[in-house]
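Written below as structure tokens is the structure these notes are about.
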Amino acid sequence: TIDSRIQTAAEQALKGFKGAVVVIDPRTGAVLACASSPTYDNTNIDALLQAGGGEDGSMYNRAMDALYTPGSTFKVVTLSAALETGTASLTSTYQAPGSMDIGNAPVTNYANESYGTISLQQAFAVSSNVVFGQVANEVGANTLVQFANAFGYGQKLGQDLTSAASIMADPSLMTEWETAWAGAGQPVGMDHTPGPQTTVMQNAVIAAAIANSSVVMDPYFVAQVLAPDGTVVKTTQSRSLGQAVSSATADQVKQAMLAVVQSGTGTDAQIPGVKVAGKTGSAETGGTNVNSMFVGFAPYDSPTVAISVALEDYDKHDVKAAKIAGIVLTAALAAQGA
């Protein structure tokens with residue numbers, strides 16, 4: 001299923017970075033590109049094998065095997081859960097100070113930015129952790145984990161090549177504060193496995209599901225198997241993993257994701273003449289840098305490509321996952337003749 005033009009664009013866009021890009025056809029789950037950086041030089045296999053694997057090596061598949069803090073890209077799941085359960089609407093209003101104690105501990109917006117009283121859609125566009133911490137607790141830990149699982153968390157995605165399973169914490173162990181930060185995409189559990197932790201593939205599947213009226217498609221790489229004489233031995237059939245939320249809810253999430261790219265934190269993903277929808281994420285790693293994340297799809301009205309980008313340990317004042325997404329989406333749409 002890999003399209004060499006899209007794959008090349010993804011690999012070139014990742015040069016100089018540690019990270020990954022996955023591009024999926026949201027209608028089928030066919031993987032159009034799956035790039036991991038740094039990649040390996042296949043002209044010297046002996047040296048590669050001597051160097052071995054490991055998470056710092058070029059043989060490590062950051063698209064399929066690495067678990068990342070999703071940051072605010074997880075707010076796509078939190079928003080979906082809130083809208084689907086009737087907990088909130090896009091016009092529901094929340095207080096969004098720079099910091100708010102939730103569960104007797106602080107939840108903070110990026111750079112402690114204060115937004116006053118804003119709607120849920122505005123909170124999604126500016127990516128307010130404080131608002132989504134409140135929403136997550138209104139939804140509840142059990143329901144939040146339930147919807148994450150509906151989008152593919154907790155299972156190894158893929159019909160042929162499989163990714164590592166993305167992780168949500170056990171909801172019975174999640175405190176109010178942990179639930180708040182989980183809803184904002186930041187795992188903070190201290191005495192148990194924290195969540196959310198996501199693969200780049202999982203994030204692509206979530207973006208693809210929203211683009212596909214919330215029908216979650218299991219990704220696959222092998223379109224057909226041919227005999228030596230060219231006859232078709234096997235054709236892969238698209239496989240749905242279920243519908244995460246209603247199509248009406250997916251439409252509302254799409255609307256919110258469009259606003260992110262048009263006027264929110266994801267303007268770097270804009271493409272002239274094409275409506276792009278998306279969600280950015282800046283995941284704290286404990287140092288001065290962040291992991292820069294992006295999920296999205298295009299064209300907005302009839303999506304044919306969904307994308308997930310992760311960049312590791314990047315200067316938080318110059319995050320570029322959305323910019324890389326725009327470059328790769330442009331190439332993908334050109335390859336499709338859009």
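I'd like the FRET efficiency for Gln243 and Asn44, computed as 1/(1 + (r/R0)^6) with the beta carbon distance as r and R0 of 35 Å, rounded to 0.05.
On the way: r = 47 Å, r/R0 = 1.35.
My answer for the efficiency is 0.15.
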Check: Amide H of Ala30: which non-local residues (sequence gap of 5 or more, or other chain) have their own amide H closer than 5 Å, using H built in the peptide plane?
Finding: Asp25, Tyr220
Next item on the list: In vacuum, with every alpha carbon of the range 244-315 counted as one equal point scatterer, what does the Debye formula give for log10 I(q)/I(0) at q = 0.12, 0.14 Å⁻¹? Two decimals, please.
Entry: -0.36, -0.48
Note to self: For the pair Asp101/Ser302, report the inter-label distance in nm, with labels modelled 7 Å from Cα in the Cβ direction.
What the structure shows: 5.5
Next item on the list: Take the solvent-accessible surface of the protein heavy atoms, probe 1.4 Å, and return the percent of it on the range 1-146 that carbon and sulfur atoms account for.
Entry: 45
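Can you tell me the FRET efficiency between Asp160 and Ala111 if r is taken as the Cβ-Cβ distance and R0 is 45 Å, rounded to the nearest 0.05?
Numbers: r = 43 Å, r/R0 = 0.95.
So, using R0 = 45 Å, E works out to roughly 0.60.
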Checklist line | Ordering of 289-296, 329-336, 63-70 by burial proxy (mean other Cβ atoms within 10 Å per residue, highest first) | finding: 289-296, 63-70, 329-336
Item checked: 10 Å binning of all Cα-Cα separations within the chain, expressed as whole percents from 0 upward -> 6, 28, 36, 21, 7, 2, 0
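Checking understanding here: applying a Kyte-Doolittle mean of at least 1.0 and a length along the axis of at least 18 Å (C-alpha), which whole DSSP H helices in the chain pass?
Values: long enough: 247-263 (24 Å, 0.31); 321-335 (21 Å, 1.89).
Span-like helices in the chain: 321-335.
Expressed as a whole percentage, what fraction of the accessible surface of the range 158-233 belongs to carbon and sulfur atoms when a 1.4 Å probe is rolled over the protein heavy atoms? Kindly include the intermediate steps, with their values, before the conclusion.
Numbers: 1650 of 2870 Å².
Using a 1.4 Å probe with all protein chains present, the range 158-233 comes out at 58 percent carbon and sulfur.
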Notebook entry, point to check: the range 90-240: Rg/Rh from Cα coordinates, Kirkwood Rh?
Noted result: 1.12
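Which peptide among 152-163, 235-246 comes first, and what is the full order, when sorted by highest mean count of other Cβ atoms within 10 Å?
Working: 152-163: 18.7, 235-246: 15.4.
Top to bottom by mean Cβ count within 10 Å: 152-163, 235-246.
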Next item on the list: Mind computing the radius of gyration and Dmax over the alpha-carbon atoms of the range 1-89? Å is fine for both.
Entry: 17.2, 58
Note to self: Looking at the calculated P(r) for the range 211-263, what percent of the C-alpha pair distances fall above 16 Å?
What the structure shows: 60
Check: If contacts are Cα pairs under 8 angstrom and at least 6 residues apart, what is the relative contact order of the range 84-201 in percent?
Finding: 23
Margin query: Can you compute 3J(HN,Hα) from phi for each residue in the range 225-230, using the Karplus curve 6.51 cos²θ - 1.76 cosθ + 1.60 with θ = phi - 60°, rounded to whole Hz and x for Gly and Pro?
Written below: 10, 10, 6, x, 8, x
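For the chain, what is the calculated [θ] at 222 nm in deg cm²/dmol (nearest 500), taking -39500 (n - 2.57) for each run of four or more DSSP H residues and dividing by its residue count? Can you show the working numbers first?
Details: 10 runs with 108 residues, N = 338.
Value at 222 nm, helices only: -9500 deg cm²/dmol.
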Check: How large is the accessible surface per residue of the chain, computed with a 1.4 Å probe and reported in Å² as a whole number?
Finding: 41
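The values are calculated or read from the model by the stated rules, or taken from the named source; none is laboratory data. For clarity, every value in this text was computed on a predicted model and none was experimentally measured. For neighbour counting, all protein chains shown are included, and Cβ atoms are generated from backbone atoms with ideal geometry for every residue, glycine included. Just the protein is used for accessible areas: all its heavy atoms, side chains included, with ligands, DNA and RNA removed. Shrake-Rupley method; radii C 1.70, N 1.55, O 1.52, S 1.80 Å.
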